[in-house]
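Below you'll find the structure, written out as structure tokens, and then a few comments.
The values are calculated or read from the model by the stated rules, or taken from the named source; none is laboratory data. It should be emphasised that the depicted structure is a prediction, and the values quoted were computed from it without experimental measurement. Counting neighbours? That spans all protein chains shown, and the Cβs are built from the backbone with ideal geometry, glycine included. Keep in mind that these areas ignore ligands, DNA and RNA; they rest on the heavy atoms of the full protein, side chains included. Shrake-Rupley method; radii C 1.70, N 1.55, O 1.52, S 1.80 Å.
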Amino acid sequence: MKKKLAIIHTTPVTVESLKELANKMLGDCEIINIVDDSILPQLSKNEGNVQEIAERWESYAKVAQGQGADCILNACSSIGELVSLTQPKITIPIVRIDDAMAEYAVNAATKIGVAATLETTLKPTLELLKQKAAQKQKAVDFEPILVASAYQKLMANDKAGHDNDLSAALRELAKKVDIVVLAQASMARVVSTFPIDEQRQFVTSPELGMEAVKDTLKQ
């Protein structure tokens, strides 16, 4: 029987790229996309208080379950902490897109750069990495950067400006650390334009997150 994956997005930017990745990595799997692009603007106004949208996100998870999904992928790092809050309330597994990435980064390096274009994503990603390091009792130095200008340009439909600002900031950060964690799934596209040997220093969540989905669906 064909498996069904529900992906909950906070931006339409990740819809096509994650659907393509799912088709590539999961094979014959039906994809349901649920998008609420009002969440990130709300979080930027309320200083990242995810409790305000917890009930709404839980309702999306329940809709996904009602549609017969076998698994849910939370595609947004800004609201990753809602996964552990919502999971006890539904019967199907929820995968946090950045969890496997954080695990990989902490295993692989002792000096980790963390890059985001949104403050509301930088903070939870940093917290997740620190939790993983604490669980492993490993001393890790973190170098966070916020490339706010890239997000502003993206919102103004200046995709090239976003890519240029982000590329420059990422390359600068990479000189100072062992690896760079990209806090947003949407940033992976920019790194994919770098030469292959340069790409190796960057860790992105989509592929590792989808690998976790694949493992979950097998179980």
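Exactly one residue among 27, 48 is at pLDDT below 95, within 30 Å of residue 173 (Cα to Cα) and among the small types (Gly, Ala, Ser), and that residue is 48.
Let's see how each residue does on (1) within 18 Å of the chain's Cα centre (by Cα); (2) assigned to a helix (DSSP H, G or I); (3) surrounded by 22 or more Cβ atoms within 10 Å (Cβ to Cβ):
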{"position": "34", "(1), (2), (3)": "yes, no, no"}
{"position": "49", "(1), (2), (3)": "yes, no, no"}
{"position": "52", "(1), (2), (3)": "no, yes, no"}
{"position": "56", "(1), (2), (3)": "no, yes, no"}
{"position": "59", "(1), (2), (3)": "no, yes, no"}
{"position": "63", "(1), (2), (3)": "no, yes, no"}
{"position": "100", "(1), (2), (3)": "yes, yes, no"}
{"position": "106", "(1), (2), (3)": "yes, yes, yes"}
{"position": "120", "(1), (2), (3)": "yes, yes, yes"}
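The residue that is modelled with the lowest pLDDT, among those in region 128-152 that are more than 14 Å from residue 107 (Cα to Cα) and open to solvent by less than 70 Å² (accessible area, probe 1.4 Å), is 151.
Can you name every residue in region 1-24 that is free of Cβ contacts under 8 Å to residues at least 40 places away in the same chain and of a type outside the set (Lys, Arg)? Don't jump to the end; show me each part of the working.
As a first pass, look at region 1-24 and keep what is free of Cβ contacts under 8 Å to residues at least 40 places away in the same chain: 1-2, 12, 15-16, 19-20, 23-24.
If the condition is that a residue be free of Cβ contacts under 8 Å to residues at least 40 places away in the same chain and of a type outside the set (Lys, Arg), then 1, 12, 15, 16, 20, 23 are the ones that fit.
Residues that are touching a Ser or Thr at 6+ places or on another chain (Cβ under 9 Å) and either among the aromatic types (Phe, Trp, Tyr) or at pLDDT 95 or above (or both) were ranked within region 76-95; the one that is farthest from residue 127 (Cα to Cα) is 93.
When region 173-219 is examined, which residues are found to be assigned to a loop (DSSP other than H, G, I, E, B), surrounded by fewer than 17 Cβ atoms within 10 Å (Cβ to Cβ) and out of contact with any Ser or Thr (no Cβ under 7 Å at 6 or more places or on another chain)?
First pass over region 173-219, keeping only residues assigned to a loop (DSSP other than H, G, I, E, B): 175-178, 183-184, 192-195, 200-201, 204, 219.
Next, from what is left, pick out any that are surrounded by fewer than 17 Cβ atoms within 10 Å (Cβ to Cβ): 175-176, 178, 192-195, 200, 219.
Correct list: 175, 176, 192, 193, 194, 195, 200, 219.
Comparison of 27, 68 shows that the only residue that is in contact (Cβ under 8 Å) with a residue 40 or more places away in the chain and surrounded by fewer than 15 Cβ atoms within 10 Å (Cβ to Cβ) is 68. With the condition kept exactly as written, say whether any residue in region 75-93 is open to solvent by 20 Å² or more (accessible area, probe 1.4 Å), under 16 Å from the mean Cα position of the chain (by Cα) and not charged (D, E, K, R). Looking through region 75-93, at least one residue is open to solvent by 20 Å² or more (accessible area, probe 1.4 Å), under 16 Å from the mean Cα position of the chain (by Cα) and not charged (D, E, K, R).
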